[in-house]
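The values are calculated or read from the model by the stated rules, or taken from the named source; none is laboratory data. The structure presented is a predicted model; accordingly, all values stated were derived computationally and were not measured. Neighbour counts run over all protein chains shown; Cβ positions are idealised from the backbone, glycine included.
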Amino acid sequence: MADIRPFPAYRPAPGLEAKIAALPYDVYNRQEACQVVAANPESFLAIDRAETGFGPQVDTYAPEVYERAAKLLRERIAEGKFMREEKPCYYLYEQIMDGRSQAGIVACASIDDYRNNVIKKHENTRADKEQDRIRHVDVCNMQTGPIFLAYRASSLLKDIMETVKAEKPVYDFISEDGIGHRVWVIDDDKKISDIREEFARIPAIYIADGHHRCASAVKVGLKRREENPGYTGEEDFNYFLSVLFPDEELRILDYNRVVRDLNGYDAEGFLARIGQAFQVEKKGPEPFRPGRKGEFGMYLEDQWYCLTAKEEILSRDAVEGLDVSLLQNHLLEPVLGIRDPKTDKRIDFVGGIRGLEELERRVHGDMKVAFSLYPTSIGELFAVADAGRLMPPKSTWFEPKLRSGLFLHNL
């Protein structure tokens with residue numbers, strides 16, 4: 001029973017939304033973030049990555065960085081660059097990429113639902129990565145980056161969203177990467193009531209993307225509870241900013257692998273060794289994209305191969321049956337010696353948005369062999385989370401990414 005509630009968002013003043021909206025803070029390194037902010041000082045990245053306002057001598061995680069983020073946010077609100085809704089509302093946020101639409105409801109989700117596993121995760125988080133966003137949210141007193149949540153589609157919510165889409169959006173723009181963004185305010189009391197009641201009937205919500213942002217938001221909420229022992233549970237710090245998408249509209253891209261060497265094998269010996277677990281078919285120089293589950297592309301010495309998992313290594317287990325697990329357990333670890341892909345410096349990961357050409361480029365540069373994977377499905381993600389299990393690292397790549405700065409949740 002999910003508690004998904006409306007809230008009075010701070011959002012860009014009309015006409016500023018395209019300048020303010022920014023990709024998530026963690027898709028950039030420091031140099032890239034500085035370049036973005038230099039080109040567009042209004043970008044929300046100036047707040048999300050406030051170290052862009054300092055020279056390299058100031059540490060990314062220095063106290064003054066977080067203080068600058070809070071100061072910039074207060075100034076921009078005072079300057080009228082952000083407005084606040086007069087009442088708690090839901091919002092509809094649609095993104096259009098390559099002609100395909102995904103639309104989600106912007107709302108606040110309960111930290112207790114996260115703690116009680118009504119909101120389910122499929123990845124572990126790292127305390128060091130959490131700490132940065134904990135400090136950012138706490139010092140700014142604002143959640144600025146929404147968590148990407150998913151749910152099993154509801155016909156009632158679908159009908160409401162279609163009705164809302166027939167109205168004029170408050171924002172309608174195309175970002176520099178060609179993604180279309182449209183936003184509607186859902187302020188009708190009947191729709192607000194129906195949405196909240198329908199989510200209360202949904203037994204489980206799933207974190208699709210943003211595990212670290214989510215864990216950080218929850219920990220800030222728990223910190224505020226400790227600081228306010230008389231809390232009622234209704235305070236804003238008990239909830240975190242989210243966009244909730246129906247599963248049928250989501251698209252997961254492949255998350256591919258490149259490895260630096262063949263672990264002592266020559267190409268001939270390597271092909272023979274992997275033939276124990278996979279059928280190996282040479283495809284030639286044209287990029288090969290797997291067409292079904294259990295099938296992998298491999299690029300080695302200017303040639304593409306199709307690897308098909310043999311029957312004996314397939315599994316019905318929610319985790320062991322994932323393609324990322326098959327590759328890890330039957331090739332990367334036993335043949336190439338990649339025991340822990342989270343820490344091994346010999347492996348790197350390439351999001352599917354970069355295309356197969358990026359795999360070829362890496363092999364022609366600093367890597368020896370590349371593997372293209374068939375994308376994990378949203379159903380597989382749900383199955384892993386429902387089983388209380390975790391996916392291997394770098395199992396899913398969601399596109400398009402949610403923009404930061406379009407919706408802010410004040411604590």
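Data table
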quantity	calculated
Enumerated strands (runs of 3 or more DSSP E) restricted to the range 268-310, each holding at least 2 residues that are in contact with a strand residue (DSSP E or B) (Cβ under 6 Å, 6 or more places away or on another chain), closer than 17 Å to GLU358 by Cβ and of a type in the set (Phe, Trp, Tyr)	295-300
In the range 246-267, residue modelled with the highest pLDDT [restricted to those that are of a type in the set (Lys, Arg) and part of a loop (DSSP other than H, G, I, E, B)]	ARG260
Residue within the range 179-190 that is crowded, with 16+ Cβ neighbours inside 10 Å, part of a helix (DSSP H, G or I) and of a type outside the set (Ser, Thr, Tyr) present	no
Unique match (being surrounded by fewer than 20 Cβ atoms within 10 Å (Cβ to Cβ) and aliphatic (A, V, I, L, M)) among LEU244, LEU307, LEU300	LEU300
In the range 112-166, the residues that are touching a Pro at 6+ places or on another chain (Cβ under 9 Å), of a type in the set (Gly, Ala, Ser) and either surrounded by fewer than 17 Cβ atoms within 10 Å (Cβ to Cβ) or not assigned by TED's automatic domain parsing to the domain that holds HIS212 (or both)	ALA153, SER154
Odd one out for ARG225, checked against (1) touching a Lys or Arg at 6+ places or on another chain (Cβ under 8 Å); (2) surrounded by fewer than 18 Cβ atoms within 10 Å (Cβ to Cβ)	(1)
Filter pass, SER101 being crowded, with 16+ Cβ neighbours inside 10 Å and out of contact with any Pro (no Cβ under 8 Å at 6 or more places or on another chain)	no
Count - residues of the range 208-248 that are free of Cβ contacts under 8 Å to residues at least 12 places away in the same chain and of a type outside the set (Asp, Glu)	5
Residues of the range 333-371 satisfying the condition of being in a strand (DSSP E or B) and either among the aromatic types (Phe, Trp, Tyr) or within 20 Å of the chain's Cα centre (by Cα) (or both)	ASP348, PHE349, VAL350, GLY351, PHE371
Members of the range 92-113 that are in contact with a Gly (Cβ under 9 Å, 6 or more places away or on another chain) and modelled with pLDDT of 95 or more	LEU92, TYR93, GLU94, GLN95, ILE96, MET97, SER101, SER110, ILE111, ASP112
ARG213 touching an Asp or Glu at 6+ places or on another chain (Cβ under 9 Å), under 24 Å from ARG126 (Cβ atoms), modelled with pLDDT under 95 and crowded, with 24+ Cβ neighbours inside 10 Å	yes
Residue among PRO14, PRO24, PRO63, PRO8 that alone is surrounded by 16 or more Cβ atoms within 10 Å (Cβ to Cβ) and of a type outside the set (A, V, I, L, M, F, W, C)	PRO24
Count - residues of the range 151-189 that are among the β-branched types (Val, Ile, Thr) and within 22 Å of the chain's Cα centre (by Cα)	3
